[in-house]
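Below: the structure, in structure tokens.
The values are calculated or read from the model by the stated rules, or taken from the named source; none is laboratory data. All values derive from a computational prediction rather than experimental measurement. Backbone-built Cβ (ideal geometry, glycine too); neighbour counts: all protein chains shown. The accessibility values were calculated without ligands, DNA or RNA, using every heavy atom of the protein model including side chains. Shrake-Rupley method; radii C 1.70, N 1.55, O 1.52, S 1.80 Å.
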Amino acid sequence: MPAAGSGDLVLALDVGTSSVRALLYDHRARPLPDARVHLPYQPRIDRDGTVEVDADRLVGLVGRCLDELLGRARPVLAGPVGAVGVSTFWHSLVATDTEGRALTPLFLWADTRSRRAAQELAGRLDPEAVRRRTGCTLHASYWPARLAWLKRVRPALWRRPVRWLSFGDLLYWRLFGHPATSLSMASGTGLFRLADRSWDEELLAALDVDPAGLPPLAEVESGLAPEFAARWPRLARTTWLHAAGDGALANLGSGCVDPTQRALTVGTSGALRAMCSGLPVPPPPGLWCYRLDGERLVVGGALSNGGNLQDWMSQVLNLDRRRLQAQLRQRRPGGHGLVFLPLLAGERSPGYAPYAFGAVAGLTLATTAEDIAQAGLEAIAIEFARVDRRLDE
């Protein structure tokens with residue numbers, strides 16, 4: 001391949017729940033051969049509902065990913081990269097000091113330790129009014145419950161200046177030297193008014209959170225901090241679109257950009273979404289609504305159990321994935337005689353049950369590991385069908 005000209009390339013960076021990926025594309029959105037890097041990582045998971053990762057470690061993994069990508073692409077890079085787009089998970093939360101140093105782990109969307117705090121908030125506030133304003137229910141996945149929980153277990157954070165950030169916000173602070181967030185990331189916190197495009201004052205008051213501790217809105221950045229400009233000279237003056245929610249970007253990238261089309265994504269978790277240009281009033285019960293940008297929103301439901309359930313079954317049942325897929329194609333749906341409740345990582349849409357767990361009923365001495373795996377995968381499909389019916393409404 002001949003060397004690309006200045007500004008011809010776009011770098012795509014995706015920070016997911018189990019890996020960091022970076023790819024280079026040409027101006028026709030074609031991936032460059034061999035210009036991709038995939039670095040897996042494992043969050044810390046515990047029986048009490050902990051799902052967290054060291055924020056500095058994850059920032060470091062992003063840096064390593066970009067180092068490797070730019071190194072591999074050196075033969076085709078004749079000038080600076082034209083733009084960088086960043087996709088990352090919604091709902092994560094980390095507390096930092098006023099210099100951007102992490103004071104807590106990065107709490108991921110699957111962390112359920114704040115489930116009791118969510119119930120307590122629902123008793124103090126009007127949950128439906130909150131959902132109408134923010135597009136999010138009072139649930140352990142979102143910031144209001146997590147902040148209420150942190151105030152109980154880490155009260156010292158309320159006695160000092162603190163910044164509350166998503167991972168994308170923290171990454172950009174490190175890269176550009178100042179805190180900021182996008183409309184997309186803010187809308188996934190459960191603390192942001194979708195219509196007004198502002199932080200929700202009633203929730204902030206109920207949580208005793210200073211608005212000054214929340215990042216301002218920004219959509220584009222340029223001019224990397226000196227440390228990173230020297231490390232990646234071809235990105236030093238590149239335009240960086242601010243990190244946006246991976247779910248909304250999945251709709252955009254798959255061409256599901258109006259209410260007649262739905263994007264179904266299965267990664268670590270799973271989601272089914274439709275994109276619209278105006279606020280649904282109100283969002284259908286059991287579903288959420290977030291922003292992609294100032295004009296477009298996504299409405300849908302998310303499952304806490306997707307690829308993570310398949311990983312768990314493969315490990316616990318000692319199954320070979322490729323062989324299992326071939327076996328499942330030959331099996332009759334529902335022929336296992338089992339009922340599988342696939343909520344091993346709790347429940348988000350559509351029920352948002354705070355203490356949900358997994359279960360298998362109907363086991364006999366004739367049940368095989370393949371029966372259990374089939375029942376688990378079919379159960380995920382059934383959960384998606386429940387979300388799909390809500391979207392029909």
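Assorted remarks:
- Derived scalar couplings ³J(HN,Hα) [segment 114-130; Karplus, 6.51 cos²θ - 1.76 cosθ + 1.60; whole Hz; x for Gly, Pro]: 9, 5, 5, 4, 5, 5, 5, 4, 4, x, 8, 10, 8, x, 5, 5, 4
- Taking Thr134, Thr260, Thr238 in turn, the Gaussian network model of the chain (Cα-Cα springs below 10 Å) assigns the largest fluctuation to Thr260.
- Applying both filters, DSSP loop and at most 13 other Cβ atoms within 10 Å, to the trypsin sites (Lys or Arg not before Pro) of segment 59-141 gives Arg101.
- The chain: relative contact order in percent, alpha carbon pairs under 8 Å with at least 6 residues between: 13
- For the pair segment 332-364 / segment 252-270, the C-alpha centres are spaced 24 Å from each other.
- Heavy-atom accessible area, probed at 1.4 angstrom with all protein chains present, ranks Thr268, Thr104 as Thr268, Thr104, highest first.
- Among the GluC sites (Glu not before Pro) in segment 88-196, those located in a DSSP loop and surrounded by at most 10 other Cβ atoms within 10 Å of their own Cβ are Glu99.
- For the pair segment 88-134 and segment 12-79, the centres of their Cα atoms are 25 angstrom apart.
- Long-range HN-HN contacts of Ser182 with modeled amide H, under 5 Å: Ala218
- The GluC sites (Glu not before Pro) found in segment 175-263 include none that occupy coil by DSSP while having at most 11 further C-beta atoms within 10 Å.
- Long-range HN-HN contacts of Phe192 with modeled amide H, under 5 Å: Asp200
- Derived scalar couplings between HN and Hα for segment 194-209 equal 5, 6, 7, 6, 8, 5, 7, 5, 5, 5, 4, 5, 5, 9, 6, 10 Hz in order, rounded to whole Hz, by the Karplus curve 6.51 cos²θ - 1.76 cosθ + 1.60 (θ = phi - 60°), x for Gly and Pro.
- Heavy atoms of Leu103 accessible to a 1.4 Å probe, total area in Å² rounded to 10: 50
- Counting heavy atoms of the protein chains alone, Arg44 has an accessible area of about 120 Å² for a 1.4 Å probe.
- Considering only the chain, percent of DSSP beta bridges that pair antiparallel, nearest 5: 80
- Per-residue ³J(HN,Hα) for segment 375-384, Karplus 6.51 cos²θ - 1.76 cosθ + 1.60, θ = phi - 60°, Hz, x for Gly and Pro: 4, x, 5, 5, 5, 4, 4, 5, 4, 4
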